[in-house]
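Structure first, commentary second.
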Amino acid sequence: MPIALVATSHSPLIGKNDPAPEVRAEVDQVLGAARDFVADFDPELVVIYAPDHYNGFLYDMMPPFCVGAAATAVGDYGLPAGPLDVDRDVAYALARGALEAGVDLALSEAMQVDHGFVQPLTFLFDSLTSVPVVPIFINCVAEPLGPASRARHLGQAIGRTLAGLDRRVLVLGSGGLSHDPPVPRLAEAPPEVAQRLTHGRNPTAEQRAQREGRTLAAAVEFAGGATGLRPLNPDWDRLVLRALADGDLGAVDGQSNDWFVAEGGHSAHEVRTWIAAFATLGATGPYTVRSSFYRPIPEWIAGFATVTAVPQPSAASLEQAAR
């Protein structure tokens, strides 16, 4: 099974609170190169790990992981809305494989996904239905959270099942790195916010606009130097990128949940999507990072990174290529 990986940060603030033109141009160039990488690979299936931001998954039932057998984008922050082209048979096979490997997860026949899933797909493809996908939700914001190492176990189980497919598979991780946007937490929420975190699925257009407006306002203040949000941490971001590139996932997922928050902010837990993606790639053998970009971008409240990776060629393939 041919396999390749793209892991990228996302931010709903892209295009709404952009950094200096030269920084935006640099990011666009990097994402364009990742798009070319994907086009050259020509995937027949995309398995995407991503979080949710209380749009599709709420406290009425919050699983640690969920495989989507059908999924619809909610269209937050002006991103495309509508159904994804989900490969239902593969989704069920991946869910069965993970459960047989001892990884507990949920399965949804009506998954709702937000910008965490949709934006990376728009980075790399012309539409949400360009290539069949299997969306895999990883809870990265709703406490209590299990240990980050569970994301590695999930990714490994998914990778072992994918190895049995005769298809070109792109593994896509969406999230991170250091960032601490104003995502509410249930333990600190006033009653009306707690109600939304539990029962606030399918908000009205006005309610969604109010939520998104608050995020944009916080980003403008943060980029202007306000200290209400935890600062970005480039040193931590680079440590994470080095560990994942080296295949040393335990250096990251072996840490406590408090470590993620202290070093990268509450939403740094989105690195779990990268851990799962790299673990999926690593389940097929050693891998090599092809490209790696990183820049802290306060306008997007993001330590923004994009990485591509492929399996290392086997000794047999190297020998054949040398003939």
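The values are calculated or read from the model by the stated rules, or taken from the named source; none is laboratory data. All of these numbers come straight from a predicted model, not from anything done at the bench. Note that each Cβ is placed from the backbone with ideal geometry, even for glycine, and that neighbours are counted across all protein chains shown.
Details
- Hits in segment 179-191 - residues which are part of a loop (DSSP other than H, G, I, E, B) and of a type outside the set (Gly, Ala, Ser): 179, 180, 181, 182, 183, 184, 185, 190
- Scanning segment 254-296 for residues that are more than 19 Å from residue 171 (Cβ to Cβ) and among the hydroxyl-bearing types (Ser, Thr, Tyr) turns up 256, 267, 294.
- Looking across segment 75-126, the residues that are under 18 Å from the mean Cα position of the chain (by Cα) and either among the aromatic types (Phe, Trp, Tyr) or at positive phi (or both) come down to 75, 77, 117, 123, 125.
- Criterion applied to 170, 165 was being within 19 Å of residue 98 (Cα to Cα) and crowded, with 20+ Cβ neighbours inside 10 Å, and the one residue passing it is 170.
- Any helices (runs of 4 or more DSSP H) falling wholly within segment 217-323 and containing at least 3 residues that are under 19 Å from the mean Cα position of the chain (by Cα) and in contact (Cβ under 8 Å) with a residue 60 or more places away in the chain: 234-245, 250-253, 257-264, 271-282
- Scanning segment 7-61 for residues that are part of a helix (DSSP H, G or I) and without any contact (Cβ under 8 Å) to a residue 60 or more places away in the chain gives 21, 22, 24, 25, 28, 29, 32, 36, 39, 40.
- The set of residues in segment 192-214 being in a helix (DSSP H, G or I) and under 22 Å from the mean Cα position of the chain (by Cα) consists of 197, 208, 211, 212.
- Of all residues in segment 74-126 being among the aromatic types (Phe, Trp, Tyr) and surrounded by fewer than 20 Cβ atoms within 10 Å (Cβ to Cβ), the one that is nearest to residue 36 (Cα to Cα): 125
- Among the criteria (1) within 18 Å of the chain's Cα centre (by Cα); (2) surrounded by fewer than 16 Cβ atoms within 10 Å (Cβ to Cβ), the one residue 57 does not fulfil is (2).
- Any chance residue 151 is buried (at least 23 other Cβ atoms within 10 Å of the Cβ), touching a Ser or Thr at 6+ places or on another chain (Cβ under 9 Å) and not aromatic (Phe, Trp, Tyr): yes
- Odd one out for residue 176 among (1) modelled with pLDDT of 95 or more; (2) within 27 Å of residue 303 (Cα to Cα); (3) part of a loop (DSSP other than H, G, I, E, B); (4) of a type outside the set (A, V, I, L, M): (1)
- Condition check for residue 209: surrounded by fewer than 22 Cβ atoms within 10 Å (Cβ to Cβ), more than 22 Å from residue 270 (Cβ to Cβ) and of a type in the set (A, V, I, L, M): yes
- Filtered residue count, segment 85-132, keeping only those that are touching a helix residue (DSSP H, G or I) at 6+ places or on another chain (Cβ under 7 Å) and acidic (Asp, Glu): 1
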